[in-house]
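The values are calculated or read from the model by the stated rules, or taken from the named source; none is laboratory data. No experiment lies behind these values; they were computed from the predicted model shown. Don't worry about glycine lacking a Cβ; one is built from the backbone with ideal geometry, like all the others, and counts go over all protein chains shown. Heads up: the accessible areas ignore ligands, DNA and RNA and are worked out on the full protein's heavy atoms, side chains in. Shrake-Rupley method; radii C 1.70, N 1.55, O 1.52, S 1.80 Å.
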Amino acid sequence: MRPAFAVGLVFAGCCSNVIFLELLARKHPGCGNIVTFAQFLFIAVEGFLFEADLGRKHPAIPIRYYAIMVTMFFTVSVVNNYALNLHIAMPLHMIFRSGSLIANMILGIIILKKRYSVFKYASIALVSVGIFICTFMSAKQVTSQSSSSENDGFQAFAWWFLGIGALTFALLMSARMGIFQETLYKQFGKHAKEALFYNHALPLPGFIFLASDIYDHAVLFNNSELYQVPVVGVVVPIMWFYLLMNVITQYVCIRGVFILTTECASLTVTLVVTLRKFVRALEAVRLTSPSFCTQTEASPSALGSGCVLISRFGSQGLLSSPRVWCVYSAIWSSSLMGL
């Protein structure tokens, strides 16, 4: 499958996904667990039917390696979604997760003993500036929106600070998972559909510990206002419709990411994933309050500039590949749409 098609899946799926995630979180900020469960269940069922052939097909990569990978993957997904409960604004959530290049570089230096060019360090500095701006302005917004009571203000800031810690942990864990996945694919070969299935099927038992919260939000979703689905004309609670659309768009996005891992170099995949989050951040900023949009508009700009620098001056000569120009065109058209 051609890389340009995979890039199209990534940007189309993720940019539309953030709209429905924002609609869900705006009504029920604590719905992260039911959203994660629905996404995992949908992708696992699809993979069981079409990739695992109802369990008759044996995996090319031993299950024990997938168990390690999915432990990381499950932890990252749950922590990222739970951070929405901790006074983390959606733009900050999206932009902070765009720091994967920083985390990958740091862990690459520590674990793989890699060395990078000056331009790569400069690009990472720009990405770091973008995240710092958004984090700083989000902190100001939290304190200004909190109660005039000093105790309430401190409590809100403490929860926000805990949310920043959760996002940082998830960012580093995600980077470590990427390094583990890269070494695994070098040893056993790349199997995108298989990895997609096992990364979502094996963690499902872990949702037992979140069953109470998932059930509570299912009840809330059932009690939401009714909505007539266009074309089909079926009437359903609107929150279930938002969840269905979120799950479908997430599947499109993650499918594109796993295809890219088999079609492109790891640097290209990291670049696309980071810029995907950058475009989602633009969309999230556009959907939030005007004051937050004004305060954080420099943050996506710094992120975008850093990503372009790391792609332009990468040591692997990626500009000579037509695949990367497809990536660029998708990125900038999506950015203009977000702006």
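Close contacts from region 243-257, counting a first residue that is farther than 11 Å from LEU196 by Cβ and a second that is open to solvent by 20 Å² or more (accessible area, probe 1.4 Å) and among the hydroxyl-bearing types (Ser, Thr, Tyr), with Cβ to Cβ under 7 Å and a gap of 6+ residues or different chains, come to THR249/SER16.
In region 213-238, of all residues being of a type in the set (Val, Ile, Thr) and under 17 Å from HIS28 (Cα atoms), the one that is most open to solvent (accessible area, probe 1.4 Å) corresponds to VAL219. If I ask for residues that are open to solvent by 50 Å² or more (accessible area, probe 1.4 Å) and among the polar types (S, T, N, Q), which ones from region 179-201 would you list? Residues satisfying the conditions are THR183, GLN187.
For region 1-50, the tally of residues that are outside any helix (DSSP H, G or I) and within 20 Å of ALA211 (Cβ to Cβ) stands at 4.
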